[in-house]
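Reading through the structure tokens given below for one structure.
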Amino acid sequence: MKISGFVFLIIGALVLSVSLFKKQLIFFTYIGALFILYGVFKMVFKWITNTSPAEIKGYNLNRQIPNTLNVHPKNVQRTQMYKCRRCGSMVFLHSNFCSICGLRLK
């Protein structure tokens, strides 16, 4: 989930204004200022590059992962399976027991 820089600006302004109103919350003044600075950074960075900082670092989850292992679906050997005599669930050929009902297969 991407949070825009504008949201950081709003949250930072709210935290900063409340902490300035209450003089005992000096720590939150710095937190609010950091939120504002981060929001400005995100907005300026997006305006300059038209991308988010996460995409520059390589954390873009929407990109396609290249097939570096040269595995093609046609080359993948399919595992042989058959149905359990008791419950009808699919079990592997080499299984000794059904994973659903526990019937001994061999």
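Any read-out appearing in this document is the output of simple, stated calculations on the displayed coordinates, not a laboratory observation. Note that the structure is predicted; figures quoted are calculated from it, not measured. All Cβ positions, even for glycine, are placed from backbone atoms using ideal geometry, and neighbour counts span all protein chains on display.
With each label point set 7 Å from Cα along the Cα-Cβ vector, what nm distance links Leu14 and Tyr38?
Reported label-point gap for Leu14 and Tyr38 is 1.5 nm.
Working out 0.36 nm times the residue gap between Met81 and Arg104, then minus their Cα-Cα distance, what length gain in nm do you get to one decimal?
On the way: separation 23, 0.36 × 23 = 8.28 nm, distance 1.54 nm.
Working it through step by step, the gained length comes to 6.7 nm.
Between Trp47 and Gln24, what length comes free when the chain is fully extended (0.36 nm per residue of separation minus the Cα-Cα distance, one decimal in nm)?
Values: separation 23, 0.36 × 23 = 8.28 nm, distance 3.69 nm.
Length difference between fully extended and current span is 4.6 nm.
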